[in-house]
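Student: This is the structure I have questions about; it appears just below.
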């Protein structure tokens, strides 16, 4: 746990528990680390009446112990959530920084707090009271996911060029054909590729097989001719980067954005995750039932998948046409 050396022992123990016992992904562990570190720094800032302009990232927390945490109450939690909603700086380096993070980001941080206090009260019984047990999550605005049309998807694939053309094309095909997550793609090994499917390790280290089509198979085969010539620091990795390492989520994000720009698409509106939305939408519009799409995407809850049914629903379109009002003729039509 040397990577968490700036944290107190009680937080390192929590992270170790979720890493080794709960089997959480490295990304989830890192998010817990960032969110809880910020929380403890904020509480220390408030408790010790530090100057208002004190930089949160400069506050040391290695001395935090169970007695310190035991004194934190629900009012302190509300102060932290208020800070996130109103005072937390977005893009502090810009000339016009924004203040207050989104409800979704605040919900993630509250989720980290709930996990932390559950560990302290239920798992290790170091605390009796849980100040976040009954707190509700921020209300999130429900919006339909953005996705590419078939024409836009084709334009995106045609736009791929350059030194890593075969690699980037294969990555985009996997996103569009299989609907996998960015973290799942980064974790793919050469041995995870089979004749007609890939083995994916998803959230909670749950494995699933995802089938791909002929075009995706050809894209992977073309890339493998290049991959066989590469030597990476982790030679198991399916996709490598320019520096010889396993490709990172940031690198994938960058190459997807680059492809959007080359295709003439608004890179601010789309991302690698939007390609996952696109895959799900295309499957449903192609007649695949929602339960099957749920299995392909690795959603634990069917409700998560059903949001896509509001995007492309033939029956709803037929219902609109069946409404007698749709048969009314205007004078210009006569």
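The values are calculated or read from the model by the stated rules, or taken from the named source; none is laboratory data. From a predicted model like this one, the values you see are computed outputs, not experimental measurements. Note that we place each Cβ from the backbone using ideal geometry, even for glycine, and neighbour counts take in every protein chain shown.
Student: Assuming residue 217 fulfils every condition listed in (1) over 20 Å from residue 283 (Cβ atoms); (2) surrounded by fewer than 20 Cβ atoms within 10 Å (Cβ to Cβ) apart from one, which condition is it?
Tutor: Status for residue 217: all satisfied but (1).
Student: Of the residues in segment 46-64, how many are under 20 Å from residue 12 (Cα atoms) and in contact with a helix residue (DSSP H, G or I) (Cβ under 7 Å, 6 or more places away or on another chain)?
Tutor: 4
Student: OK, next. Which fully enclosed helices (runs of 4 or more DSSP H) of segment 52-155 have 2 or more residues being modelled with pLDDT of 90 or more, within 25 Å of the chain's Cα centre (by Cα) and not assigned by TED's automatic domain parsing to the domain that holds residue 177?
Tutor: 74-86, 103-118
Student: Can you pull out every residue in segment 19-32 that is in contact with a helix residue (DSSP H, G or I) (Cβ under 6 Å, 6 or more places away or on another chain) and surrounded by 14 or more Cβ atoms within 10 Å (Cβ to Cβ)?
Tutor: 19, 24, 27, 29, 32
Student: Against the definition (modelled with pLDDT of 95 or more, surrounded by 13 or more Cβ atoms within 10 Å (Cβ to Cβ) and more than 30 Å from residue 20 (Cα to Cα)), how does residue 167 come out, yes or no?
Tutor: The answer is yes for residue 167.
Student: Shifting gears a bit: Which condition from (1) assigned to a helix (DSSP H, G or I); (2) surrounded by 17 or more Cβ atoms within 10 Å (Cβ to Cβ) is the one that residue 160 breaks?
Tutor: Tallying (1) assigned to a helix (DSSP H, G or I); (2) surrounded by 17 or more Cβ atoms within 10 Å (Cβ to Cβ), residue 160 fails exactly one: (1).
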